[in-house]
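The values are calculated or read from the model by the stated rules, or taken from the named source; none is laboratory data. Keep in mind that what you see is a predicted model, and the values were worked out from it rather than measured. Glycine gets a Cβ as well: all are built from the backbone with ideal geometry, and neighbour counts include every protein chain shown.
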C-alpha cells in the first residue's frame with residue numbers, strides 16, 4: 001500500500017519523553033534483546049564511496065505545520081544530508097510539469113516574502129525580488145551548506161494521476177521531460193496570481209536532480225489515476241528519455257544532474273511496475289521500507305521492521321523487500337532504504353504479548369491522519385516502551401493503544417544493515433516529522449559507521 005501519510009497535519013508540540021522501559025516484563029525483554037544485539041558485528045562489506053543520506057521536504061507543511069527551511073537548517077539536518085528531495089512537483093492532464101495556479105503551492109514555493117526572523121540568513125525579502133518563498137530559502141541553505149544537493153520529486157501519492165499521459169508516446173515523453181527540465185532545473189518559473197516573482201532562470205541551480213515518484217506504473221495507485229497496460233514499459237522509456245536529456249544538459253552547463261526513482265515495497269508493485277533495465281539508467285532508487293501494514297489490518301504489527309518476527313502476521317520487512325529488489329536486478333550500491341518519520345497505531349488492542357500481533361478494534365487517533373502520527377509526537381506519548389533489536393522494531397503500548405515507529409536506535413540498526421549489505425544509503429520520509437533532526441542524526445552517524 002502506498003504511503004498515505006502524505007497529508008496535511010498539525011504542528012508537533014514541544015518534545016518530551018514518554019514512559020521509560022521500566023516495567024518488569026519489558027525490562028526482561030530488553031535484557032534478552034540486548035544480549036542478542038551485542039553479538040552483532042559490523043562486517044565492513046564494501047559499498048559506495050559515500051552513502052546517500054536523503055530526506056524528503058514536504059512543501060505543503062510550511063503552511064500546514066509551520067515547518068520551514070529555517071527549521072530544517074536550525075535542526076542540523078541540512079549539514080548531515082547529502083540530498084533533500086522536494087515533495088512534490090505536479091504533472092498536468094497534458095502530461096507536462098507545471099505549478100498549479102489554483103493551489104497554494106505558488107505562494108509558498110516562490111512568492112511569499114519572508115521576514116528577517118523567518119529567514120535562513122536573517123535577511124528579509126523585498127516585495128519585488130524575482131525569487132522568494134521556500135525555494136529562495138533553500139538556495140540560502142545551500143549557500144551555507146554547499147554539499148547539500150536537492151531534487152524535485154515528481155508525483156507522489158496525490159499527484160501521480162496523469163503520469164500515464166506524460167509517457168504514452170515518444171513525443172509525449174520528449175515534451176514531458178523537456179518541460180520538467182525547463183521548470184525545475186533551468187528554473188523558468190511562471191509569473192502568476194498577480195505576484196512579481198517568476199521569470200526565466202530565477203530558480204536555476206537550486207535543483208540538480210529529478211526524482212520520479214509515480215505511484216504506481218501499471219496500477220495499484222490512488223483511485224482515479226489514469227492507467228494503461230503499457231505503463232510499465234513506458235516508465236522505462238521515460239526514464240531513458242530523462243537520462244538522455246539530462247546528459248545533454250550536462251554537456252551544455254558542465255554540471256552534473258541526478259536521476260532517481262522511488263519504488264514501492266510490495267512484490268506485486270515491483271513486478272507490475274519496474275523493468276530491471278531502468279535500474280541501469282538511474283543514479284539511485286529509494287525503496288519504501290515502511291507501510292508494510294497499518295490500521296487497515298485488524299491485527300497489530302510493525303509497519304517498518306528490519307526483519308519480520310517469527311510470530312508476525314506477515315513476513316513483510318525491510319530485509320525481505322531489499323532482497324526482492326536485489327534479485328530483480330537493482331544493484332545494491334544504488335538501493336536506498338527508506339524509513340519513516342511516523343508511526344502506525346491501533347486502538348482497542350488486547351493485552352496479549354503487550355499488544356504485539358494482537359487483535360485491535362481499529363485505527364488509533366493520530367495527528368497526521370488515520371492511525372498515523374509523527375515521530376516527535378509519538379515520543380511524547382505515555383505507555384510502556386519496547387525495543388526489539390533482533391528484528392529492528394519498536395513499539396509503545398498503553399493498554400488500549402499500540403503504536404509502532406522508528407526511533408534513533410532502530411535507524412542506527414538500519415544504517416548498520418545498509419553498511420553490512422553494501423547498500424547505497426538511507427532515506428527519511430519526512431523532515432517535519434523529525435523537527436529536532438534526531439532521526440537524521442542517527443542516519444548520518446550510522447552510515448558513517450562511527
Q | Residue count, segment 194-214 (criterion: over 24 Å from the mean Cα position of the chain (by Cα) and buried (at least 23 other Cβ atoms within 10 Å of the Cβ)) | A | 1
Q | When residues of segment 390-425 are limited to those that are more than 27 Å from residue 364 (Cα to Cα) and part of a loop (DSSP other than H, G, I, E, B), the one nearest to the chain's Cα centre (by Cα) | A | 424
Q.
Consider segment 241-256. How many of its residues are surrounded by 12 or more Cβ atoms within 10 Å (Cβ to Cβ) and not in a loop (DSSP other than H, G, I, E, B)?
A. 10
Q.
Looking at residue 279 and the list (1) touching a strand residue (DSSP E or B) at 6+ places or on another chain (Cβ under 7 Å); (2) in a loop (DSSP other than H, G, I, E, B), which single condition is not satisfied?
A. (2)
Q: Read through the list (1) in a strand (DSSP E or B); (2) out of contact with any helix residue (DSSP H, G or I) (no Cβ under 8 Å at 6 or more places or on another chain), then give the number of the only condition that residue 56 fails.
A: (2)
Q: Would you check if there is a residue in segment 174-187 being out of contact with any helix residue (DSSP H, G or I) (no Cβ under 8 Å at 6 or more places or on another chain) and closer than 20 Å to residue 55 by Cα?
A: yes
Q | In segment 320-367, the residues that are assigned to a loop (DSSP other than H, G, I, E, B) and either over 30 Å from residue 284 (Cα atoms) or free of Cβ contacts under 8 Å to residues at least 12 places away in the same chain (or both) | A | 348, 349, 350, 351, 356, 357, 358, 360, 361, 364, 365, 366
(Q) Which of the numbered conditions does residue 202 fail, given that it passes all the others? Conditions: (1) modelled with pLDDT of 95 or more; (2) in a loop (DSSP other than H, G, I, E, B); (3) on the phi > 0 side of the Ramachandran plot. (A) (3)
Q: Determine which single condition residue 258 fails, assuming it passes every other condition in (1) closer than 20 Å to residue 168 by Cα; (2) within 19 Å of the chain's Cα centre (by Cα).
A: (1)
Q: Select from segment 60-94 the residues that are in a loop (DSSP other than H, G, I, E, B) and out of contact with any helix residue (DSSP H, G or I) (no Cβ under 8 Å at 6 or more places or on another chain) and write down the one among them that is surrounded by the fewest Cβ atoms within 10 Å (Cβ to Cβ).
A: 66
Q: Give 131, 183, 135 a once-over and let me know the one that is surrounded by 15 or more Cβ atoms within 10 Å (Cβ to Cβ) and within 21 Å of the chain's Cα centre (by Cα).
A: 135
**Q.** Matching residues in segment 95-112 - criterion: being surrounded by fewer than 18 Cβ atoms within 10 Å (Cβ to Cβ) and free of Cβ contacts under 8 Å to residues at least 60 places away in the same chain
**A.** 100, 102, 103, 104
Q | Filtered residues of segment 368-384 (kept if part of a strand (DSSP E or B), modelled with pLDDT of 95 or more and either under 18 Å from the mean Cα position of the chain (by Cα) or crowded, with 24+ Cβ neighbours inside 10 Å (or both)) | A | 372, 373, 374
(Q) Of everything in segment 215-240, what is surrounded by 22 or more Cβ atoms within 10 Å (Cβ to Cβ), assigned to a loop (DSSP other than H, G, I, E, B) and in contact with a helix residue (DSSP H, G or I) (Cβ under 6 Å, 6 or more places away or on another chain)? Give them in sequence order. (A) 216, 217, 218
